[in-house]
Each structure stands twice: as C-alpha cells, then as structure tokens.
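Comments concern the structure below.
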Amino acid sequence: MLIFIRVTYRSKSGAKLIDFNFDCSNAFQATRIDGKDERLTPLYCEQAAGFRQKDSAGNAYVCKVLVAHQGRIDSARLFGQAFHKLMIAAGLRELVYAPKAYMWHAGPLTASSASLGDILTACEGLPAVEGAPSGWACFGQHVDDSAGVASSQSVVDYLMGAIQVTYSCKMTRWDKVLGYTVTINDYEHFSTATISCKPILEAAINRHLRSKGEAVL
C-alpha cells in the first residue's frame, strides 16, 4: 500500500512524496523494562564468564535483566510496546485497520475526510507550529525495521528526532525494504515502482514446479 501511495499521490503543484526507510539498531538493548510495568515477570541470568562474583558464603550472584535484549522470548513485544508509546507521545496515531502502522498529519485538513491529494496540497509550504512540521506521513513497522512515505523532508526529520530520543536509527531512502529491492522512478507527471527479490521469486517458482511434478530450477 505504501509503495502504491508513493507513486500515485502528488500535490497540485506536482510535489512528490518522500520515501524513507529506517531501523532501530539498538531496539532491544535500549528498551528498558525495569520499574515500568509491575506485571512483567522479573528475569534473571547467570553472570558472564570472567565477571562472576560471589557472596560471603560462596554463592554466585545472578544478574537481573533490565532491558529487552535479543534472545529474550518477549523482546519484540516489549520493544513494540515501548515504540508505540514513543510514537503516541510524538503526536502520531496508530491506524485502526493496520496495527503497527502509524500516521502523522498536521495541517488545515486534520481530522477531515479530505483526500490525500488535497491534504498534500493544503500542507505544502506551511510553517511549523510549536516545533512540529505541517504535513503528512505514514509508515509501517516490522519489529525494528520500518518503511514509509512523507510529504516533506522536515516531516521525516521530525519523526527521526522523536525516535532518536530513545533509539539509535538512521534514515535512508528506499532501496532494500524488508529484503525486497524497491526502485522508484520519478518522471514529470508520474512515478513508477519496481519491486524484486530474486531468492523469494526463485523459491516460489520452485514450490510451484514441485507441486506440478516438474523439474525444480
């Protein structure tokens, strides 16, 4: 859906949407779990080799885990909950029909039933209000990776700033998106997108041929 939105919508002046992609490289290590939710069962682990300490009776200490580190069975859920709170605090809202998809909209047509084309036109060139840029954006989240589109670079910068309060992330334009290669070509009056992922396509072909009893490539 985001790819179709990217190549379909423009403002009346012809301004294109900006595609962006980011991942939170320290998603689990920076998600603190100490003292935030009393319902969480405390998790303990043995001390790392070379750093083990013992009490006066010779019993080895254990470490209380304070973050949702990789390898923890519920680390993705814990990060997702923390990321959700961060986005809501920044003024985004989660889409009711697509969990883990968030939208930003600040402008004269906020909370209206206006089309996206009209929203992009209305927001174009408007100044920021109380530090928050006027504009529109939408992105989808897959664990610690996300891809989205925005009406301007200032909106993308605002989103990155809100995330970087807690997490380390770097924004890039679409190239590799969740394993797929996405190539956008912008022309004067229209845009196109090409999506490819050779390993997945080959696997799909092999499954199909195998079901037909034919030779596998």
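Taking 0.36 nm per residue of separation and subtracting the Cα-Cα distance, full extension of the segment from Phe4 to Ala98 would add 32.2 nm.
For the chain, modelled as a GNM whose springs connect Cα atoms under 10 angstrom apart, the maximal fluctuation among Asp118, Asp175, Asp74 occurs at Asp74.
Please enumerate, by chain and number, the aspartates and glutamates with C-alpha under 19 Å from the C-alpha of Lys170, excluding those fewer than 8 residues away in the same chain. Reachable aspartates and glutamates: Asp19, Asp23, Asp144, Asp145, Asp157. Which of Ala57, Ala15, Ala132 moves most in a GNM of the chain, Cα contacts under 10 Å? Top of the fluctuation ranking is Ala57. Not counting the cut sites, what is the longest span of the chain without trypsin sites (Lys or Arg not before Pro) that DSSP labels loop and that have at most 13 other Cβ atoms within 10 Å? For trypsin sites (Lys or Arg not before Pro) (loop position, at most 13 other Cβ atoms within 10 Å), the longest site-free span of the chain is 53-172.
Among the chymotrypsin sites (Phe, Trp or Tyr not before Pro) within the range 1-65, those in coil by DSSP and having at most 14 neighbouring Cβ atoms inside 10 Å are Phe51, Tyr61. Taking every protein chain into account, the accessible area of the range 131-173 amounts to 38 square angstrom per residue (probe 1.4 Å). For chymotrypsin sites (Phe, Trp or Tyr not before Pro), the sites in the range 116-217 that DSSP calls loop and that have at most 13 other Cβ atoms within 10 Å are Tyr187, Phe190.
Give, as ranges by residue number, the residues of the range 149-181 whose backbone N falls under 12 Å from the point 7 Å along Cα→Cβ of Ala30. Those under the cut-off are 160-171.
The label point for Cys63 and the one for Ala111, both projected 7 Å from the Cα toward the Cβ, are 4.8 nm apart.
The values are calculated or read from the model by the stated rules, or taken from the named source; none is laboratory data. Bear in mind that the values here come from a model prediction, so they are computed numbers and not experimental data. All Cβ positions, even for glycine, are placed from backbone atoms using ideal geometry, and neighbour counts span all protein chains on display. For the accessible areas, the whole protein counts, side chains as well, though only heavy atoms, and no ligand, DNA or RNA atoms are used. Shrake-Rupley method; radii C 1.70, N 1.55, O 1.52, S 1.80 Å.
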